[in-house]
Amino acid sequence: MNPSLKAMTYFTTAIKHGNIARAADELKIAASAIGAAIDQVEDAFGLKLVTRHRARGIQPTASGLEVARKCEKLLDDHRLLLAEMAALGQSLSGQLRIGYYAPVAPAFLPGILRDFVPDPAQVTLHLTECDNDQAQAGLLDGRFDVILFVSDNAPPSLGFDELLVAPPYCLMPRNHEMTRKDTVTVPEIAEHPLIVLDRPLAGPYYRALLDAVTPEPKIAAFANSTEMLRALVGGGAGCAVLNMRPDTAQTYAGDIVTARPISGELPDLTLSIGYDKIRSRELVKRFVDTCKKILSSERVGRLIVSASDPEM
């Protein structure tokens, strides 16, 4: 059996004092525990490491001195590791790996990071866009420190806090006939060509909203990025259903799009922040707190479309 760190500590303390009783006194343990530790280390290496003298204490052999020296180095490295990891846990510097699914995260994440980063020279951010399942898997296997994702079907093993609930809305060109309405219905949307955000989770969710509509709506295009979808809508290719919006009505192509809330009982999507809620570093905790603060403030209103604020 390999000697434990505790056994090596007892052994090296005994070698330092040359006396079991004095080693026991320093460590505030029974002398028998020191003797047992010496036996454990000797058994582990199959060597005689000390000579016991009834009146004169113990004397290390040549092998005992070598083993004690190596044990001391290992124990020093272990203590240094613990100290460094403790400092890392409390530090507001280092690497922060963020995985995000939210399709319009680039619209709000930079603002959060601007408020969050304590010292840009001391923090390196790694931002990775991924689908919802990849984000959750990345948090669970340690690839991400924190994730922004849709938590409606999150596994019980994943710790997270909800940030905002986003109802679906209809996105349309600026001069579309439905812009004359304060709210629209799913059947009204289905009368027009549709652009569908074709991403895991998003695609099935949006198609499910239209399943009950007859006749079956025409899908004009599938787009796997929000900006391509918005550009297609702005260019007049059709309408779309989304849940979160950026803080601008202008698309990459320069066109203007308009949002209208959808009336009726429709399922929302919940944007959440996932992280290790038990053993998080201080840097992670600060990022989580910043997200909660910003997304619970009035600024959150810019990210969703509600019946009380239909204009984009």
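Read-outs throughout are calculated quantities, based only on the coordinates presented, and are distinct from any laboratory measurement. Since the structure is predicted, the reported quantities are computational estimates derived from the model, not experimental observations. Methodologically, a virtual Cβ is constructed for each residue, glycine included, from the backbone with ideal geometry; neighbour enumeration extends over all protein chains shown.
Listing for the model above:
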{"quantity": "Inter-probe distance in nm under a simple model that places probes 7 Å from Cα toward Cβ, at Asn175 and Ala21", "calculated": "10.2"}
{"quantity": "FRET efficiency, Asp43 to Lys277 (Cβ-Cβ, R0 45 Å, nearest 0.05)", "calculated": "0.60"}
{"quantity": "Where labels lie 7 Å past Cα in the beta-carbon direction, separation of Leu140 and Ala31 in nm", "calculated": "5.6"}
{"quantity": "FRET efficiency for Glu265 and Leu125, using Cβ-Cβ distance with R0 set to 45 Å, rounded to 0.05", "calculated": "0.70"}
{"quantity": "Cβ-derived FRET efficiency at R0 51 Å, Val213 paired with Asp76, nearest 0.05", "calculated": "0.15"}
{"quantity": "Pairs from Lys6/Lys48; Lys6/Lys285; Lys181/Lys218; Lys28/Lys277; Lys48/Lys73 whose Cα-Cα separation, in the structure shown, is over 28 Å", "calculated": "Lys6/Lys285; Lys28/Lys277"}
{"quantity": "Principal axis dimensions, largest first and in whole angstrom, of segment 121-263 by Cα", "calculated": "50, 38, 25"}
